[in-house]
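Beneath this line is the structure, given in structure tokens, with notes to follow.
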Protein chains: 2
Amino acid sequence: MDIESLNFEHVKSQDLPLPERVAAQISKLIVDRQLTSEDKLPNEFELAAMLNVGRGTIREAVKLLVARNILVIKRGKGTYIAHHPGQIDDPLGFAYYEDQFQLAKDLLEVRLQMEPWVASLAAKKATDEDIENVWATCHLVENDILSGVDHLPNDTKYHISIAKCTHNLVVPKLIPIITYSVGLFGSLNGNSLLAETISGHRTIAEAIASRNAERASQAMYNHIARNREELISIGKHMENPD
Amino acid sequence: MDIESLNFEHVKSQDLPLPERVAAQISKLIVDRQLTSEDKLPNEFELAAMLNVGRGTIREAVKLLVARNILVIKRGKGTYIAHHPGQIDDPLGFAYYEDQFQLAKDLLEVRLQMEPWVASLAAKKATDEDIENVWATCHLVENDILSGVDHLPNDTKYHISIAKCTHNLVVPKLIPIITYSVGLFGSLNGNSLLAETISGHRTIAEAIASRNAERASQAMYNHIARNREELISIGKHMENPD
């Protein structure tokens with residue numbers, strides 16, 4: 001990186017605390033220069049000189065950006081741009097919602113609308129490599145279920161592998177958000193639903209592999225609708241336990 | 001808050017740095033107790049004693065949670081839970097994407113699928129108060145456009161006001177994400193598109209107000225499709241400028 005050519009606006013006279021303003025300047029640099037995880041930030045001395053602030057302020061600003069997963073500190077190597085800068089787990093703060101049951105139902109309402117469309121677009125746009133990837137994650141879920149291991153992390157990966165077939169930049173990022181509720185209330189862990197997960201996932205994968213958009217959409221709809229039924233029946237049981 | 005009853009697991013022997021682990025413990029406390037923005041955290045001394053770590057570590061942990069918008073510090077009052085804990089601007093890190101034009105196109109592809117459904121659900125579920133709110137934001141956008149002010153912040157509010165009519169917890173949170181690209185490339189600022197925005201927004205609001213789900217869906221589709229056409233024509237112009 002050519003430090004001389006960095007053209008920071010000097011940080012002054014705004015409303016935010018100074019480290020926050022310096023953090024914004026560093027963020028802007030990353031965006032403007034399209035820096036990636038290969039790129040190292042200038043060190044504290046250089047940043048302090050460029051931005052005309054003390055090293056303590058630079059340190060505070062870097063901490064803010066690390067907390068937001070924009071920068072990562074590699075011990076003994078320096079400060080780098082994160083792999084997926086700015087992207088954090090649970091970005092909408094769902095963990096802080098009071099009514100987690102209503103949240104799970106509402107997420108399934110969104111999924112029931114989104115994911116059949118995603119599956120149909122996947123069937124239209126998937127490359128051979130995409131389809132191999134769908135089958136690979138499909139088998140991971142099956143292996144987890146058959147060996148009695150928690151399959152939910154790979155279940156999310158399976159749905160992301162389908163989202164990637166669309167070659168839309170946004171869709172694979174939305175899937176982890178809307179699948180947030182998977183596994184809340186143990187709704188996917190009943191035996192009948194485990195069997196449905198295996199057969200449902202296979203049916204979807206086959207439809208995408210055969211480039212049948214309509215069948216992919218229908219199979220995805222059935223799969224998610226089945227999960228929603230299970231959740232609703234759990235809800236009824238919560239209200240009226242035997 | 002009854003401090004004696006706080007039952008923290010003592011923080012030990014995990015892989016993350018200590019302040020990060022303490023931050024996770026404090027997050028867990030907020031979730032478990034369903035603390036809201038009315039609630040104050042115990043002070044540094046109390047937290048340090050409860051978690052069996054130094055006050056410096058508590059301070060670092062609190063900074064991490066402030067950076068993630070989970071806590072806010074009110075000067076002279078103490079540390080409180082944020083209003084929408086954990087929710088940050090640009091949660092998917094779209095600002096860091098290299099190809100912002102492709103991102104804008106892909107966002108519009110998602111909106112073209114999602115928002116007509118949102119409008120139809122809004123028409124089915126809106127209360128009278130919801131509809132008043134849709135009209136209010138509709139008028140804010142019109143006033144902005146007619147007075148030559150940037151209407152994009154209120155444009156996003158208009159789409160959120162429709163999302164709120166659905167009474168789904170997730171949909172209003174997704175709209176600000178997928179409307180991220182509004183205004184990139186100035187695509188909404190051509191005069192013909194400004195006129196379309198006014199009439200398009202009115203048509204959608206009227207359909208929702210008259211509880212006509214099909215017409216609301218169609219009007220929203222037309223509105224977003226018109227924006228997409230404009231974006232694509234800007235893209236062609238960028239490739240082949242006169």
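The values are calculated or read from the model by the stated rules, or taken from the named source; none is laboratory data. Only a predicted model underlies this, so the values are computations on that prediction, with no experimental measurement involved. Because the Cβ atoms are built from the backbone with ideal geometry, glycine has one as well, and the counts that use them run over all protein chains shown. All accessible areas refer to the heavy atoms of the entire protein, side chains included, with ligands and DNA or RNA removed. Shrake-Rupley method; radii C 1.70, N 1.55, O 1.52, S 1.80 Å.
Provide the FRET efficiency to the nearest 0.05 for the residue B:222-residue A:226 pair, computing r from the beta carbons and using R0 = 41 Å. Before the final figure, lay out each step's value.
Values: r = 34 Å, r/R0 = 0.84.
Rounded to the nearest 0.05, the efficiency is 0.75.
Quick query: amide H of residue B:41 versus all other amide H atoms, modeled in the peptide plane; which residues come in under 5 Å with a sequence gap of 5 or more or a different chain?
The answer is B:79, B:80, B:81.
Please list, in chain and number order, the residues 5+ apart from residue B:70 or on another chain whose amide H is under 5 Å from its amide H, with Hs placed from the backbone.
B:86
What are the nm distances, shortest first, from residue A:238 to its equivalents in the other copies, labels at 7 Å along Cα→Cβ?
4.5
Going 7 Å from Cα along the Cα-Cβ axis for the label, what nanometre distances separate residue B:195 from the same residue across the other copies?
Distances to the matching label points in the other copies: 6.3 nm.
What is the gain in length, in nm to one decimal, between residue B:40 and residue B:84 on full extension, counting 0.36 nm per residue of separation less the C-alpha to C-alpha distance? It would help to have the intermediate numbers written out before the result.
Numbers: separation 44, 0.36 × 44 = 15.84 nm, distance 1.47 nm.
Contour length minus the Cα-Cα distance gives 14.4 nm.
Determine the sum of side-chain charges near residue A:173: Lys and Arg each +1, Asp and Glu each -1, restricted to other residues whose C-beta is under 12 angstrom from that of residue A:173.
Details: positive: A:164; negative: B:90, B:106.
Surrounding charge for residue A:173 is -1.
When you count, for each residue, the other Cβ atoms within 10 Å and take the mean per peptide, how do B:89-95, B:112-118 rank with the highest first?
B:112-118, B:89-95
Calculate for chain B the 222 nm mean residue ellipticity that helices alone would give, adding -39,500 (n - 2.57) per DSSP H run of length 4 or more and normalising by residue count, nearest 500 deg cm²/dmol. The partial results should precede the final answer.
Working: 9 runs with 149 residues, N = 242.
Mean residue ellipticity, 222 nm, calculated: -20500 deg cm²/dmol.
Sequence neighbours fewer than 8 away in the same chain don't count; with that in mind, list the lysines whose C-alpha is under 24 Å from residue B:74.
Once the sequence-local lysines are set aside, what remains near residue B:74 is A:12, A:63, B:28, B:40, B:63.
From other protein chains only, count the Cβ atoms within 10 Å of every residue's Cβ in A:117-126, then give the mean. Each step should come with its number before you reach the end.
Working: counts 4, 2, 0, 0, 2, 0, 0, 0, 0, 0.
For this peptide, the per-residue mean of nearby foreign Cβ atoms is 1.
Under the convention of a label 7 Å out along Cα→Cβ, give the distances in nm from residue B:33 to the same position in every other copy, shortest first.
Computed spacing set for this position: 4.3 nm.
Give me the accessible area buried between chains B and A, both sides summed, with a 1.4 Å probe, in Å² rounded to the nearest 100.
Chains B and A together bury roughly 3900 Å² of accessible area.
Lys pairs in region B:111-242, Cα-Cα under 26 Å, at least 8 apart or on separate chains: how many?
Numbers: B:124/B:157; B:124/B:164; B:124/B:173; B:125/B:157; B:125/B:164; B:125/B:173; B:157/B:173; B:164/B:173.
Going through region B:111-242 pair by pair, I get 8.
Among residues other than residue A:34 whose Cβ falls under 13 Å from its Cβ, what is the net charge (Lys/Arg +1, Asp/Glu -1)?
On the way: positive: A:28, A:33; negative: A:32, A:38, A:39, B:98, B:99.
Local net charge: -3.
Averaged per residue, what accessible surface does region A:27-75 expose to a 1.4 Å probe, in Å²? Spell out each step's value before the answer.
Working: 2600 Å² over 49 residues.
Here the residues of region A:27-75 average 53 Å² of exposed surface.
How much length is gained if the chain between residue A:195 and residue A:102 is pulled fully straight, taking 0.36 nm per residue apart and subtracting their Cα-Cα distance, in nm to one decimal?
Working: separation 93, 0.36 × 93 = 33.48 nm, distance 2.56 nm.
Once the chain is fully extended between residue A:195 and residue A:102, it gains 30.9 nm.
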